[in-house]
1. If residue A:143 passes every condition in (1) assigned to a helix (DSSP H, G or I); (2) assigned by TED's automatic domain parsing to the domain that holds residue A:30 but one, which one does it miss?
2. Collect the residues in the stretch A:99-131 that are under 18 Å from residue A:141 (Cβ atoms) and basic (Lys, Arg), keeping them in residue-number order.
3. Restricting to the stretch A:9-65, name every residue that is part of a loop (DSSP other than H, G, I, E, B) and within 14 Å of chain B (Cβ to nearest Cβ).
4. Taking the stretch A:75-101 as the search range and keeping residues that are within 13 Å of chain B (Cβ to nearest Cβ) and among the β-branched types (Val, Ile, Thr), which one is nearest to residue A:22 (Cα to Cα)?
5. From (1) more than 30 Å from residue A:84 (Cα to Cα); (2) surrounded by fewer than 13 Cβ atoms within 10 Å (Cβ to Cβ); (3) among the aromatic types (Phe, Trp, Tyr), pick out the condition that doesn't hold for residue B:19.
6. Mind checking which residues of the stretch A:174-224 are modelled with pLDDT of 80 or more and either in contact with a strand residue (DSSP E or B) (Cβ under 6 Å, 6 or more places away or on another chain) or hydroxyl-bearing (Ser, Thr, Tyr) (or both)?
7. So which residues in the stretch B:41-89 are of a type in the set (S, T, N, Q), within 14 Å of chain A (Cβ to nearest Cβ) and touching a helix residue (DSSP H, G or I) at 6+ places or on another chain (Cβ under 9 Å), if there are any at all?
8. Within the stretch A:26-80, how many residues turn out to be at pLDDT below 90 and among the acidic types (Asp, Glu)?
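The values are calculated or read from the model by the stated rules, or taken from the named source; none is laboratory data. Since the model is a prediction, treat every value here as computed from it, not as a measurement. So basically every Cβ, Gly included, is an ideal-geometry build from the backbone, and we count neighbours across all protein chains shown.
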Amino acid sequence: MKYAKWTILTLLALTVIGFFHYTLPQHDIVRVVNTYQERQDLNDWTRIFWSSPDDQSGTLVNRDVQFIQTVKANGKPMVYRNEDTSWSWPPYFKFDTANLQTEAEDLKSTAAAPQWVSVTHYGWRIVYFSAFPNAISIKPVDGPDATIIPWFNIFFFVFLAVILLVLRRMWLQFRERSIDPVLEDMGEAWDGVEDRADAAAGRARGVWGRFRAWLGTWKGKPRP
Amino acid sequence: MIAFVRLAVFGFIAMTIMYVLLSIYSRSVERERLEKEWDAERGGGESDARDAYIEAGMKTYEKSLRAKLIWLVYVVPTLAVLVLIYLTN
C-alpha cells in the first residue's frame, strides 16, 4: 500500500514537472547552420508534438513545416521546428513564423566564424518520435557562455505560488466560516443526544440503583 | 478564428470562476473583520444592533475600492495576453 502511494505520487510529480518542462520557454545558445522546409505526416499519435497553426491545419494529414538546423557549443546538433502556435496551446501567441525563419537565415554562420544566438523554444527533441522543439524567438549573443536569466519562468512560478497560496487561503476561510460552524452545530446536536442518553440511563438505574447509592452514603469516609 | 473564439470563451469562463471565488472570499473576510470589530468594542453576543452594524459595513464595502479591484481579474489576463502577443511577434 505504501509503495502504491509513493508510485502514484511520483508519477503525478513527474507528470507535472514534465508538463512544465515541455511547455515553459527555455533558452539554448547555438549556432544556426541551415534552415529547411519538409512535408510532415501528421496522421498518427505524434501529432501531439506539432502545432495547429490555423483551424484548417487540425484536420490536415500532412503539411509543410519549417525547420532551423543548429549546432550547440559542445558540437552536438539541435534541430528546431518553426511553427505558429496562433491562439492554440501552448499560449505563446506566435504568428511570425516566416519572420523568424528569415532572422534564422540571416544569422547563419560557419564554425570558423561563429555567430552565437540564443534560441527561445519550448518542447522536446525526441529523435525516436521525430519530435522537435518549437523555436519562439532568436537573438544574437556575445558568445557561447552568455548568461540568460529566465525572467519569464521566475515570474511565472512566483505568480503560480501566489495563486496557490490565495486558493489555499480561500479554502481555509471557507472552512472556518462555512464548514466549521455546521460541524459545531452537528457536535452540539450530538452532545444533546448524549445528555439525553445519560439521563435515560440515570432513570433506568431505578429504585435499586438509588438504594445502592443510599447504602454508599453509610460507608465510612476516609480519615485524614 | 475558431481557435480564437475557443480561447476567448474558455478564458472568460476561467476568469469568471476566479472573479466569483475572489469576491466571495473578499466579502467573507470583510464580514469577519466587521464582526470582530463589533465584538471587540461592544462585547460579543448576537443582537439586532450587531446585525445592522455588519450590514451597513457590508454596504460600504460593496462600494469600496477593494471590491472594485477584483475586476482586475478580467483586466490583468487580457493585458497579459496582449503583452505576450506583442513580445512574441
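1. (1)
2. Matches in the stretch A:99-131: A:108 only.
3. A:24, A:25, A:51, A:52, A:53, A:54, A:55, A:59 - these are the residues of the stretch A:9-65 that are part of a loop (DSSP other than H, G, I, E, B) and within 14 Å of chain B (Cβ to nearest Cβ).
4. A:85
5. Evaluating residue B:19 over (1) more than 30 Å from residue A:84 (Cα to Cα); (2) surrounded by fewer than 13 Cβ atoms within 10 Å (Cβ to Cβ); (3) among the aromatic types (Phe, Trp, Tyr) leaves (2) as the failure.
6. A:178
7. B:78, B:89
8. Here the count works out to 4.
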